[in-house]
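Read through the structure below, which is laid out as structure tokens, and then see the notes.
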Amino acid sequence: QARLVESGGGLVQPGGSLRLSCAASGSISRINRMGWFRQAPGKQRELVATITSGSWINYGDSVKGRFTISRDNAKNTVYLQMNSLKPEDTAVYYCNADIVSYGNNYGDDYWGQGTQVTVAS
């Protein structure tokens, strides 16, 4: 079993920046994909960004050019640098990872508890 712990959310003014972190711990043989999703009130959860173990990156259309995802494989950690934040970026941000535990040859999908990001003046 593994777990994901997010940090870095909070309140920021429009145009500001925040950096989210998500650390994976537990029984981890390897992590295939890590990423971020978000869910605003009354809306479906949507893709923010994902990054594979080979550093192939995919961004949601609404964040391209403003957000940057990166990962530190040695620390089993993924980061999301969010710049030029807008009120519509307000949501709960969830970390997601496809983790292969020791003794398995397949990955399991894990989610963090979520961290609130609020963009408001």
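Working note: Karplus 6.51/-1.76/1.60 with θ = phi - 60° gives region 38-55 the couplings 9, 9, 8, x, x, 10, 7, 5, 10, 5, 9, 6, 9, 9, 8, 5, x, 6 Hz, where Gly and Pro are set to x. Distances between placed amide hydrogens fall under 5 Å for Gly114 paired with Glu6, Cys95, all partners being 5 or more residues away or on another chain. Listed by chain and number, the lysines whose alpha-carbon sits under 17 Å from that of Lys86, ignoring those within fewer than 8 places in the same chain, are Lys43, Lys64. Solvent-accessible surface of the chain, taken per residue with a 1.4 Å probe and all protein chains present: 52 Å². Taking the DSSP beta bridges with both ends in the chain, the antiparallel portion is around 95 percent. Centroid-to-centroid, using Cα positions, region 7-81 and region 86-114 are 9 Å apart. Partner aspartates and glutamates whose Cα lies under 18 Å from the Cα of Lys75, excluding those fewer than 8 positions away in the same chain, are identified as Glu6, Asp98. Normalised by the number of residues in the chain, the mean separation of alpha-carbon contacts (under 8 Å, six or more apart) gives a relative contact order of 37 percent.
Taking the Cα centre of the chain as origin and assigning +1 to Lys and Arg Cβ atoms and -1 to Asp and Glu Cβ atoms, the resulting dipole is close to 160 debye.
Nonpolar atom fraction for the chain, defined as the carbon and sulfur part of the 1.4 Å probe accessible area, stands at 46 percent. Computed over the Cα atoms of the chain, pair by distinct pair, the Kirkwood hydrodynamic radius stands at 14.4 angstrom.
The values are calculated or read from the model by the stated rules, or taken from the named source; none is laboratory data. Please read these numbers as outputs of a predicted model, since none were measured by experiment. So basically every Cβ, Gly included, is an ideal-geometry build from the backbone, and we count neighbours across all protein chains shown. Areas reflect the complete protein model, heavy atoms only, side chains present, ligands, DNA and RNA absent. Shrake-Rupley method; radii C 1.70, N 1.55, O 1.52, S 1.80 Å.
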